[in-house]
């Protein structure tokens, strides 16, 4: 057996492994978010609220939450691809924390409408996304910039929730 493979022989398996890991990194958070939306997505409480013009309809919140899950999954993969989670294990804790808080927010907000518990989850997610942005930027600047987009959306959702709670 010849164990001395050339560089070109190793590339296809590495590339296919990268595509599989990218697919998993994106599909898992998107699938979890989609599951939350399917279980708790119809919210008559939110639809019956008297919303000002700047507060989006529920379908737009669903769509952007799915987009946030996609972008955060992509960002996490970019960090993982550079062994960032091994060098800074706190980064994966913050990523998983924001994912968990986001799923909890979806469940609480979509099931019960805007309330103080949903606001607490939203603030928590905003903080963990900010920390992810800081950590991811040190490992991969592109990943950090992508997370900043998510931070803008999370901040907007926090302000929507805050509007209704106050």
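None of the figures in this text is laboratory data; all of them are computed from the coordinates on show. Worth saying up front: this structure is predicted, and the values here are computed from it rather than measured. Glycine also receives a Cβ, built like all others from the backbone with ideal geometry; neighbour counts cover every protein chain displayed.
Residues that are out of contact with any helix residue (DSSP H, G or I) (no Cβ under 6 Å at 6 or more places or on another chain) and assigned to a helix (DSSP H, G or I) within the stretch 48-72 comprise 48, 59, 60, 61, 63, 67, listed in sequence order.
The residue that is farthest from residue 79 (Cα to Cα), counting only those in the stretch 33-46 that are part of a helix (DSSP H, G or I) and in contact with a helix residue (DSSP H, G or I) (Cβ under 6 Å, 6 or more places away or on another chain), is 46.
Matching residues to (1) crowded, with 17+ Cβ neighbours inside 10 Å; (2) touching a helix residue (DSSP H, G or I) at 6+ places or on another chain (Cβ under 8 Å); (3) closer than 16 Å to residue 77 by Cβ:
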| residue | (1), (2), (3) |
| --- | --- |
| 133 | yes, yes, yes |
| 138 | no, yes, no |
| 144 | yes, yes, yes |
| 150 | yes, yes, yes |
| 158 | yes, yes, no |
| 161 | yes, yes, no |
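The set of residues in the stretch 82-131 that are without any contact (Cβ under 8 Å) to a residue 24 or more places away in the chain, more than 14 Å from the chain's Cα centre (by Cα), part of a helix (DSSP H, G or I) and closer than 22 Å to residue 18 by Cα comprises 85, 86, 89.
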